[in-house]
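S.K.: Pasting a structure here, questions to come.
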Amino acid sequence: MKTTDTNALTREMATQTVRDDVVLNAAYIDGAWVTIEASDTDFDSEHALYDPNSGEVIATTRLCSEEHVESAANAAATAYASWSQTSVSERAHYLKAIADTMTEQFDTLVGLSVLNNGKPIEEAKIDVSDAIACYRYYAQLIIKQETWAEVETNETGIRLLKTYAPVGVCALIVPWNFPMVTTAWKLAPALAAGCTLVLKPSEVTLLPELMLGNILSAINLPKGVVNILPGAAAVGAGMTSHPMIDKVSFTGSNAVGEKVMSQAAKGIKDISLELGGKSAIIVCADADIEYACDLIISGIFTNAGQICSATSRLLVHQDIADALFKTLKIKTEALSIGDGFDTDTQMGPLVSEQQLNQVKRYFDIAMTENLECLTGGKVLARAGYFVTPTIYHNVPVTSQLWTEEIFGPVLVSKTFTEDLDAIHLANDSKFALAATIVSADETAALKMALQIQAGHIWINEQQIVLPQAGWGGFKQSGIGRELGNDGLSAYQKSKHVLLTH
Ligand code: NAD
């Protein structure tokens, strides 16, 4: 499927792509699609993929078995011998080729993402563009890395040289909220570094992710370098504990992250974890109210709040609180909720029935706790997985809604009188992924940024993540960084060579 105008993308066109182009009931292993037979499915049986807009099944597919994990790990280990020795220009060539092919298939990928994930078309376009930018970025970055870097010492008669080697065969596991993007954040630096890998996309959003196999095949990536296993928890567990895997990179929930960490302990694997968040947005007394409300709304209602870095805790200076909450309520209630394929839609459905039930559970807790609901708090009475954009005010810090990651369009808020109190409240969380500060005083905002515990802070902006910026949190938001130079380092180990001269 190819259109010249993504505004003309429809559900029918995306559904046709599923029939024509997406390879179902198969895993991409050793450079080819391998059929998953019904008798293979010892881990999971027939698996349905849903359209979150209607709750209807788009397609069914079979998920991998233990044997597929075994073959994929073997293929990646075999390919490692030659791929790890390729030149940086060769690896950059393949990364650029992935980016170019994704660009050619832009509309197709956007359509599949809207269909399978439910996100509004404009958001899906940003996702695919971000994924492409990530492959291009690592193609450029790896070219610049010197094979040998001279390390300064105080010694005479000796030289100390530093080089980087790939960390080995990697298991990459990603969630469903940004299909193709979280994959790119891992796959691009891993390939750039010279690693080979087994990738497990989320079983919820396989449609856009499986297209990667077609793309790798089209660019003739050497076989075994990337292997893609459609699977659920059991496949992930098989990968993370597999003896041929040297490194595990996982993005997902804290509950699964803890399991992954213990699974990866077997054989002392290198590990990176990108986990949950409960990020704060602080609106200072001097902030422009209209603009602050736009940032608050995009920080929590983009992707229906299913963003690890969603700014889901709002802290507003008391002096502007009345005016701000009045404007925020009006703007929130004016949001257009609906089908991602409708270009007027500003917020789509949640991704799945499971996610809908999770958000509904927090609505019920809010009722039990008698929380002050400024707007929303309801499941929409229609087909699909829709809830209203929701704001609770004056939420106690002891409430589960204040402390837990809801992963839906639910904002909890409070007021403050002193900036230090806002910083204290922002930092009072087991998570520490991101934060936003809205202020007319850049110097004061930068001072606050130094005191806030978070890996990425926006000042008068929201949710823009550049490939050059390292991404990751403190505390229980994870271990390590993706993107930027740090993201490449996650797939390399330094080696030092000392020689006399
Ligand atoms: P999840 O933890 O349920 O699943 C993530 C992935 O892990 C899926 O592919 C799943 O199949 C797999 N998995 C499940 N059990 C496993 C096991 N035992 N071993 C190995 N793999 C296993 O998360 P989700 O619901 O898909 O995604 C939402 C979560 O992801 C949220 O908590 C969100 O904050 C987090 N997230 C974090 C970032 C970040 O950059 N920090 C980015 C996106 C999402």
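The values are calculated or read from the model by the stated rules, or taken from the named source; none is laboratory data. Small disclaimer: the values here were computed from a predicted structure and weren't measured. Heads up, the Cβs are rebuilt from the backbone with ideal geometry, glycines too, and the neighbour counts pull from every protein chain shown. Accessible surface is based on the protein model in full, side chains and every heavy atom, while ligands, DNA and RNA are left aside. Shrake-Rupley method; radii C 1.70, N 1.55, O 1.52, S 1.80 Å.
S.K.: What figure in square angstrom, to the nearest 10, would you give for the accessible area of His317 with a 1.4 Å probe?
M.R.: So the heavy atoms of His317 present about 20 Å² to solvent.
S.K.: Which order do the peptides 383-395, 428-440 take when ranked by the mean count of other beta-carbon atoms within 10 Å per residue, highest first? Spell out each step's value before the answer.
M.R.: Working: 383-395: 21.7, 428-440: 23.5.
Top to bottom by mean Cβ count within 10 Å: 428-440, 383-395.
S.K.: Expressed in whole Å with the largest first, what are the equivalent ellipsoid semi-axes of the chain derived from the C-alpha gyration tensor as the square root of 5 times each eigenvalue?
M.R.: On the way: eigenvalues 279, 177, 81 Å².
Largest first, the chain gives 37, 30, 20 Å.
S.K.: A further question on this structure: Mark the label point 7 Å from the Cα of Ile365 along Cα→Cβ and return the residues of region 403-441 whose backbone N is within less than 15 Å of it.
M.R.: 403-413, 429-431
S.K.: Pairs Lys186/Lys378; Lys378/Lys475; Lys259/Lys430; Lys329/Lys360; Lys96/Lys119: which are spaced more than 25 Å apart, C-alpha to C-alpha? Don't skip to the answer; put the middle values down first.
M.R.: Values: Lys186/Lys378 36 Å; Lys378/Lys475 32 Å; Lys259/Lys430 18 Å; Lys329/Lys360 20 Å; Lys96/Lys119 27 Å.
Pairs exceeding 25 Å: Lys186/Lys378; Lys378/Lys475; Lys96/Lys119.
S.K.: How much of the DSSP bridge set in region 376-493 is antiparallel, in percent, rounded to the nearest 5? Show your work: numbers first, answer last.
M.R.: Numbers: 4 of 11 bridges.
Of those bridges, close to 35 percent are antiparallel.
S.K.: Mind running the shape call on region 369-423? Use the C-alpha gyration tensor, a ≥ b ≥ c as the square roots of the eigenvalues: rounded below 1.5 for a/c, prolate if a/b tops b/c, oblate otherwise. Write down the numbers at each step before the final one.
M.R.: Values: a/c = 2.55, a/b = 2.37, b/c = 1.08.
Taking the square roots of the gyration eigenvalues as a ≥ b ≥ c, region 369-423 is prolate.
S.K.: What fraction of the Cα pairs in region 280-466, stated in percent, has a spacing above 19 angstrom? All intermediate terms of the calculation are to be shown ahead of the outcome.
M.R.: Numbers: 9591 of 17391 pairs.
Here the long-distance tail beyond 19 Å is 55 percent of all Cα pairs in region 280-466.
S.K.: Where does helix 121-144 land angle-wise versus the long Cα axis of the chain, in degrees 0 to 90, nearest 10?
M.R.: 40
S.K.: When DSSP beta bridges are limited to those with both residues in the chain, what percentage is antiparallel, rounded to the nearest 5? Display every interim value, and only then the final one.
M.R.: Numbers: 31 of 70 bridges.
For the chain, the DSSP antiparallel bridge percentage is about 45.
S.K.: Right, next: Give the accessible surface of the chain per residue, rounded to a whole number of Å², with probe radius 1.4 Å and ligands, DNA and RNA excluded.
M.R.: Numbers: 20000 Å² over 501 residues.
For the chain, the solvent-accessible area averages 40 Å² per residue.
S.K.: For the chain, what % of the accessible area comes from carbon and sulfur atoms, probe 1.4 Å? Working shown, then result.
M.R.: Values: 10310 of 20000 Å².
The value for the chain is 52 percent carbon and sulfur by accessible area.
S.K.: Using helices alone, what [θ] at 222 nm do you get for the chain, with -39,500 (n - 2.57) per DSSP H run of 4 or more residues, divided over all residues and rounded to the nearest 500? Can you show the working numbers first?
M.R.: Numbers: 16 runs with 200 residues, N = 501.
One gets -12500 deg cm²/dmol as the mean residue ellipticity at 222 nm.
S.K.: So if R0 is 22 Å, what FRET efficiency would Thr417 and Lys326 give, r being the distance between their Cβ atoms, rounded to the nearest 0.05? Let's see the in-between values first.
M.R.: Numbers: r = 19 Å, r/R0 = 0.88.
That pair, Thr417 with Lys326, gives E of 0.70.
S.K.: Determine the sum of side-chain charges near Tyr94: Lys and Arg each +1, Asp and Glu each -1, restricted to other residues whose C-beta is under 13 angstrom from that of Tyr94. Could you put the intermediate results ahead of the total?
M.R.: Working: positive: Arg91, Lys96, Arg136, Lys223; negative: Glu90, Asp100.
Summing Lys and Arg as +1 and Asp and Glu as -1 gives +2.
S.K.: Give the Kirkwood hydrodynamic radius (Å, one decimal) of region 214-369, defined as one over the mean of 1/r across all pairs of different Cα atoms.
M.R.: Details: mean 1/r = 0.0515 Å⁻¹.
With all distinct Cα pairs of region 214-369 included, I get 19.4 Å.
S.K.: Just order 265-272, 472-479 by mean Cβ neighbour count inside 10 Å, highest at the front, would you? Before the final figure, lay out the partial values.
M.R.: Working: 265-272: 15.8, 472-479: 21.2.
Packing order, densest peptide first, comes out as 472-479, 265-272.
S.K.: Between region 128-182 and region 367-423, how many Å separate their Cα centres?
M.R.: 40
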